[in-house]
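Visitor: Pasting a structure below so you can have a look.
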Amino acid sequence: MGSDSPGSLPSRFATGREAHLGNGEVEDEVSELLGSFGDNELSPECLDGAQRFLKDDGISIPRLKKLKHLDLGGNFFVGRIPESYGNLVCLEYFSLAGNDLNGKIPSELGNLTNLREVCLGYYNVFEGGIPVEFVNLVNLVRMDLSDGELDVPIPSELGNLKALDTLYLHTNLLSGSIPNQLGNLTNLVNLDLSNNALTGEILSEFADLKRLELLNLFMNRLHGSIPNYFADFPSLETLGLWMNNFTGVILENLGQSGKLRRLDLTTNKLTGTIP
């Protein structure tokens, strides 16, 4: 906690703009202070660190309604995400990654319409899937729900989040086909759906995702041929399709883009040579 002595509040906390807290050394004092902020003018806009004192009731944080940045990642918190976090309507950045959370992702998080980035995966074990209420997060630029054991189909409603440039849903248990509505996400730069149980063919609608720099679909159960339009993606740098059931001839012009750096088609049923 820098130069602050144990048992005292960090000096930056006094600004009311940011609170960077350590490993719970002052948990009683900080928990009481957070609870007293409410909507007053000193309520912090940025809160991150190892808030060990918040893991049991989830009460203090939802009172900080002016929060714009909330990062509680990597704290080994257990239990469920409190539904009351849906009251933090000013949030623009929200991360609970790297904890040991379980239960369903609360539908109330769909109230956070100012969110630009959300990261909820990595070691959390969620039941069910992505709430359809996430369709309300129209300002979302980055969604990372990877490694969270989500075990239902990808909701087609995600295709309405047209501001997205990064969508990471890899290393889950997602099933079913890829919804064609994802082809509406024409601002996507990074799309990673790898290491799931997705079936079906690569969508013709993906032809409109011409801004893609990274596309990972490896370790699924996809089949069919590799679309010709991949050769026309001007910015594509990484294309990972290995360990699926793709068939047909490898496109001769697949590597014609000078930006393609990583191409993996192994463990499929393709013929021909890699360009």
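The values are calculated or read from the model by the stated rules, or taken from the named source; none is laboratory data. For clarity, every value in this text was computed on a predicted model and none was experimentally measured. Neighbour counts run over all protein chains shown; Cβ positions are idealised from the backbone, glycine included.
Visitor: What are the pairs with Cβ atoms under 7 angstrom where one residue, in segment 259-275, is touching a residue at least 60 places away in the same chain (Cβ under 8 Å) and assigned by the TED database to the domain that holds Pro234 and the other, located anywhere, is among the basic types (Lys, Arg) and loosely packed, with under 14 Cβ neighbours inside 10 Å? Sequence gap at least six, or different chains.
Guide: Listed pairs, sorted by first residue: none to list.
To keep it simple, each residue is scored yes or no on (1) surrounded by fewer than 20 Cβ atoms within 10 Å (Cβ to Cβ); (2) at pLDDT below 95.
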residue	(1), (2)
Leu191	no, no
Ser194	no, no
Leu215	no, no
Leu222	no, no
Phe233	no, yes
Leu239	no, no
Trp242	yes, no
Asn253	yes, yes
Gln256	yes, yes
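Visitor: I need the full set of residues from segment 217-272 which are part of a strand (DSSP E or B) and on the phi > 0 side of the Ramachandran plot, in order please.
Guide: Gly224, Gly248
Visitor: Report whether or not Asn187 is among the polar types (S, T, N, Q), over 14 Å from the mean Cα position of the chain (by Cα) and not assigned by the TED database to the domain that holds Gly86.
Guide: yes
Visitor: Also, quick follow-up: All but one of (1) under 14 Å from the mean Cα position of the chain (by Cα); (2) surrounded by 18 or more Cβ atoms within 10 Å (Cβ to Cβ) hold for Leu112; state the number of the condition that does not hold.
Guide: (1)
Visitor: Just give me the residues in segment 168-209 being touching an Asp or Glu at 6+ places or on another chain (Cβ under 9 Å) and of a type in the set (Gly, Ala, Ser), in sequence order.
Guide: Ser175, Ser177, Gly183, Ala197, Ala207
Visitor: Take the residues in segment 68-103 that are touching a Pro at 6+ places or on another chain (Cβ under 8 Å) and within 21 Å of Glu157 (Cβ to Cβ), then tell me which one is surrounded by the fewest Cβ atoms within 10 Å (Cβ to Cβ).
Guide: Glu83
Visitor: Among Ala97, Ala163, which is under 18 Å from Pro82 (Cβ atoms) and among the aliphatic types (A, V, I, L, M)?
Guide: Among Ala97, Ala163, only Ala97 is under 18 Å from Pro82 (Cβ atoms) and among the aliphatic types (A, V, I, L, M).
Visitor: Consider Gly176 carefully, then state whether it is modelled with pLDDT of 95 or more, surrounded by fewer than 16 Cβ atoms within 10 Å (Cβ to Cβ) and of a type in the set (Gly, Ala, Ser).
Guide: So Gly176 passes the test.
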